[in-house]
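The values are calculated or read from the model by the stated rules, or taken from the named source; none is laboratory data. Model, not experiment: these values are computed from the prediction. We place every Cβ from the backbone using ideal geometry, glycine too, and count neighbours over all the protein chains shown. For accessibility, only protein heavy atoms count, side chains too; no ligands or nucleic acids. Shrake-Rupley method; radii C 1.70, N 1.55, O 1.52, S 1.80 Å.
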Amino acid sequence: MDYPAANVVQIAHEIRTKAVSAVDVARAALDRADALNPKLNALTQTFHEQALQRAREIDHAISQGQSPGPLAGVPIAIKDNICTTLGRTTCASRYLENYRSPFNAFVVDRLIASGANIIAKTNLDEFAMGGSGEHSCFGPTRNPWDLSRVPGGSSSGSAAAVSAGIVPAALGSDTGGSIRQPAALVGLTGLKPTYGRVSRYGLVAFASSLDQIGPMARDAESCAMLLSAIAGFDPRDSTCAQTPDEDFIELARTSHPMPLRIGIAREGRSDANHPAVSEALDNTVRTLTSLGIECVDVSLPHAGLGVAAYYVIAPAEASSNLARFDGVRYGRRAKLAPGEGLLDLYEKSRSEGFGPEVQRRIMLGTYALSSGYYDAYYNTALKVRRLIKQDYDAAFAQGCAAILMPTAPTPAFPIGQKSGDPLALYLEDIYTVGVNLAGLPAISFQAGLSEDSGVKLPVGMQLVGPALGEAQLLRLVGLFQSASSWHALTPRL
Ligand code: GLN
């Protein structure tokens, strides 16, 4: 087995059939992490001893003829805003630098129950606020395709770790694009599930009405396998849908007969797109058509308002969620000078603990929610949110199984190019935030390559589905990947 290139299904199969041991696979992952992480800064922690011990237990269970679970021995990395009792859960924030969670997130317990081997936690924009991986207290993550460029964000480390072949899959979280956009910028498949499909229990909240956890891997099949493990009802998340546990590999194989119709969003064909993005969009339509899929134009007239609405709603919710970091309960506690009181404790702990982007979001959100401005900003944004949702409903009502558009307007950009200009970074989210506002599932997949002065960079497209339409999305991308080989390209490291 060629470990760095193998997918989740192959690795699990080979371990289960004893073609390779879980220990050898864990070693391969950890060795690759040791060799590449100094360049990439993708991982905040690796769990050498624990991962090898777990691999030994899995090998032992297999040798005893016990069923080790569908993901037995597969090395997985977890975004560091998802709680694990293993190691720390830092959110890449000074505030939580030394925080140890006393419990596992629902998804982590599920992965462990499926036999997965958690080998590392991954770097991110602080509290998942960002789209470039540059806003981390541990420093920026680098793109394996070109180390001078960003891997996208906020699930920057998960993206870089999978793209570099350290792990075959990782978990990310997506509030406004943080699974899909980094997946696009490093050439992976990334799935943002329907809001409520995956429990948020143990995900450190950014914007609770938008956050979802999802898989990032090389191909749709691997994402399907991870989604099967992490999706399901959890009474501890009151917004969790009452869906049964499902096998998404099987469902993707059997769901909805052909012929299928896909809508091509007119708003995704913007002059502002990088030429390689426009070209990949045309090529994707051609490939889908050659597969017998009917492609029709659709319009999402309010899509252009998405960024404005998102950057009111997400910071509003963030300002409320982050109020819990007060220097009293957990995380950083500032040292007070004699005579300083409780307000100083709040102010100092938060000023020292939060980075500039997080502080900016808290201020934006607090402002939008303040009396006098609430109607003008927050309420108006909620109305726009409804209109965006209605656009999607109308497109699906025309018989479209999914809607295609680019994941991001440009390929990966140089580190530092946009970090001083928050608005420029926010505009990178133009194609992703609407999906979160509407609560829909969407999958990003590599669909092209941009070649500029010798630098090759992946380009991603996304398919957006109706609520709970993950199986169909996985099926469509699976079909695309059986007819093309973009997903098999790997960076030269
Ligand atoms: N880039 C978006 C933001 O900065 C999305 C972040 C996310 O999905 N976590 O808010």
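Placing +1 on each Lys and Arg Cβ and -1 on each Asp and Glu Cβ, with no other charges, gives segment 93-242 a dipole about its Cα centre of roughly 80 debye. Electrostatic tally near PHE354: other residues with Cβ closer than 10 Å to its Cβ, Lys and Arg +1, Asp and Glu -1, net +2.
Take every DSSP beta bridge whose two residues both sit in segment 3-254; close to 65 percent of them are antiparallel.
Within the assembled protein chains, the solvent-accessible surface assigned to THR85 is about 80 Å², based on a 1.4 Å probe. Using the Cβ of VAL9 as centre and a radius below 13 Å, the other residues enclosed give a net charge of -2, where K and R count +1 and D and E count -1. For the chain, the solvent-accessible area with a 1.4 angstrom probe is 37 square angstrom per residue. Expressed as a whole percentage, what fraction of the accessible surface of segment 215-309 belongs to carbon and sulfur atoms when a 1.4 Å probe is rolled over the protein heavy atoms? Ligands and nucleic acids excluded, carbon and sulfur reach 54 percent.
Taking each DSSP H run with n ≥ 4 as -39500 (n - 2.57) and averaging over every residue of the chain yields -11500 deg cm²/dmol at 222 nm. Here the contact order of segment 304-368, divided by its residue count and restricted to Cα pairs under 8 Å and six or more residues apart, works out to 50 percent.
Across the chain, Cα pairs under 8 Å and at least six residues apart give a relative contact order of 18 percent. Shape class for segment 305-380: prolate, because the ratio a/c of the largest to smallest gyration tensor axis (alpha-carbon atoms, square roots of eigenvalues) is 1.5 or more and a/b beats b/c. The 1.4 Å probe gives accessible areas that order SER270, SER319, largest first, as SER270, SER319.
Given +1 at the Cβ of Lys and Arg, -1 at the Cβ of Asp and Glu and no other charges, the dipole of segment 3-254 around its Cα centre is 260 debye to the nearest 20. Over 32 Å, how big is the tail of the calculated P(r) for the chain, in percent of all Cα pairs? Looking at the chain, the distances longer than 32 Å represent 35 percent of pairs.
Protein chains only, probe 1.4 Å: how do MET225, MET363, MET258 rank by accessible area, largest first?
If we order MET225, MET363, MET258 from most to least accessible, we get MET363, MET258, MET225.
Helices assigned as whole DSSP H runs in the chain whose Cα atoms extend at least 24 Å along their own long axis and whose mean Kyte-Doolittle hydropathy is -0.5 or higher are found at 22-40, 380-397. Rolling a 1.4 Å probe over the protein heavy atoms leaves ARG266 with an accessible area of roughly 130 Å². Ranked by the mean number of other Cβ atoms within 10 Å of their residues, highest first, the peptides 272-278, 163-169 fall in the order 163-169, 272-278.
Please give the length that would be gained between LYS18 and THR289 if that part of the chain were fully extended, namely 0.36 nm times their separation in residues minus their C-alpha to C-alpha distance (nm, one decimal).
Between LYS18 and THR289, full extension yields an extra 93.5 nm.
Only Lys, Arg, Asp and Glu carry charge here, each on its Cβ (+1 for the first two, -1 for the last two); on that basis segment 321-370 has a dipole of about 180 debye about its Cα centre. Averaging the sequence gap over all C-alpha pairs within less than 8 Å and six or more residues apart, then dividing by the number of residues, gives segment 3-254 a relative contact order of 19 percent.
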